[in-house]
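Since every read-out is calculated from the coordinates, none of them should be taken as a lab result. Only a predicted model underlies this, so the values are computations on that prediction, with no experimental measurement involved. Virtual Cβ from ideal backbone geometry, glycine too; neighbours counted across all protein chains shown.
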Amino acid sequence: MLTAIRDFFSIRGARESFAEAQRLYGALGAGDRITMFEADDGHGYTLPRREAAYRFFGRWLKGAEDSVPEQPVVITPKEDLVATETGQVMTSLGGETVFTLNRKRLKQLAAHAPAAPGDVRKMLRFEPHTGALEARSFGRLTAPARAPLGRRSRAWSRPG
């Protein structure tokens with residue numbers, strides 16, 4: 001989890017959520033596969049949190065924490081990103097919206113579709129299961145009894 005102490009979302013809520021997730025991961029034998037990073041800043045995906053993400057994903061995807069500094073990013077000017085004259089599909093295309101354009105495109109595609117939507121099961125050769133379902137147990141996890149959620153969150157305290 002990449003969190004900010006001064007975010008408009010409560011850091012306390014983030015800490016409580018992490019503690020709960022950490023208990024679940026621990027019960028599954030994967031307690032080392034979840035981490036939380038707190039930055040002393042506000043909302044956003046700031047450099048300290050991005051670097052923490054690089055370390056985490058490097059550890060789990062490359063087998064070693066990624067400590068290479070983030071390379072500078074060149075931000076493309078807004079004007080170069082605008083795909084229509086005004087930057088807005090609706091005003092540039094005479095009142096069209098993404099939804100109306102997609103609806104028109106669907107009609108075009110449907111005219112040339114190999115099968116009607118009702119024939120999808122036939123195309124996939126899907127046959128629904130018949131008979132009773134078989135349920136198998138793959139084990140059981142047990143945890144100590146705890147107070148209901150509403151009371152538990154007020155009773156927790158952070159060590160230290």
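Would you list 73, 89, 82 from fewest to most Cβ contacts within 10 Å?
Ordered from fewest to most neighbouring Cβ atoms within 10 Å, 73, 89, 82 come out as 73, 82, 89.
May I ask you to sort 43, 129 by Cβ crowding, counting other Cβ atoms within 10 Å and putting the fewest first?
Ascending Cβ contact count within 10 Å gives the list 129, 43.
What is the set of long-range amide H partners of residue 37 at a cut-off below 5 Å, with H atoms built 1.01 Å from backbone N?
Hits under the 5 Å cutoff: 2, 3.
If you place +1 on the Cβ of every Lys and Arg and -1 on the Cβ of every Asp and Glu, how big does the dipole about the Cα centre of the chain come out, in debye to the nearest 20?
Dipole of the chain, to the nearest 20 debye: 920 debye.
Is the stretch 33-74 rounded, prolate or oblate when judged by the Cα gyration tensor, a ≥ b ≥ c being the square roots of its eigenvalues, rounded requiring a/c under 1.5 and prolate requiring a/b larger than b/c? Provide the component values of the computation, followed by the final result.
Details: a/c = 2.75, a/b = 1.23, b/c = 2.23.
Oblate, since a/c reaches 1.5 and b/c is not below a/b.
Taking the alpha carbon gyration tensor of the stretch 44-100, what are the square roots of 5 times its eigenvalues, largest first, to the nearest whole Å?
Its equivalent ellipsoid spans semi-axes of 40, 15, 9 Å.
Taking the alpha-carbon distance from residue 122 and a cut-off under 29 Å, which lysines remain once sequence neighbours fewer than 8 residues away in the same chain are dropped?
Within the straight-line limit of under 29 Å, residue 122 reaches these lysines: 104, 107.
Where does the longest stretch of the chain lie that holds no GluC sites (Glu not before Pro) found in a DSSP loop with 10 or fewer other Cβ atoms within 10 Å?
Here the longest segment lacking exposed loop sites spans 1-69.
Using helices alone, what [θ] at 222 nm do you get for the chain, with -39,500 (n - 2.57) per DSSP H run of 4 or more residues, divided over all residues and rounded to the nearest 500?
Calculated at 222 nm, the ellipticity per residue is -11000 deg cm²/dmol.
Kindly put 15, 146 in sequence by how many other C-beta atoms sit within 10 Å of each C-beta, fewest to most.
146, 15
Give the Rg (one decimal place) followed by the Dmax (whole number) of the chain, computed from C-alpha coordinates and expressed in Å.
25.6, 67
Normalized C-alpha radius of gyration of the stretch 81-125, against 2.2 N^0.38 Å?
In units of the 2.2 N^0.38 Å rule of thumb, it is 1.72.
Quick one: net charge around residue 32, please, counting Lys, Arg +1 and Asp, Glu -1 for every other residue with C-beta under 15 Å from its C-beta.
+3
Pairwise over distinct Cα atoms, reciprocal of the mean inverse distance: report the Kirkwood radius of the stretch 1-71 in Å, one decimal place.
Every distinct Cα pair counted, the radius reaches 13.0 Å.
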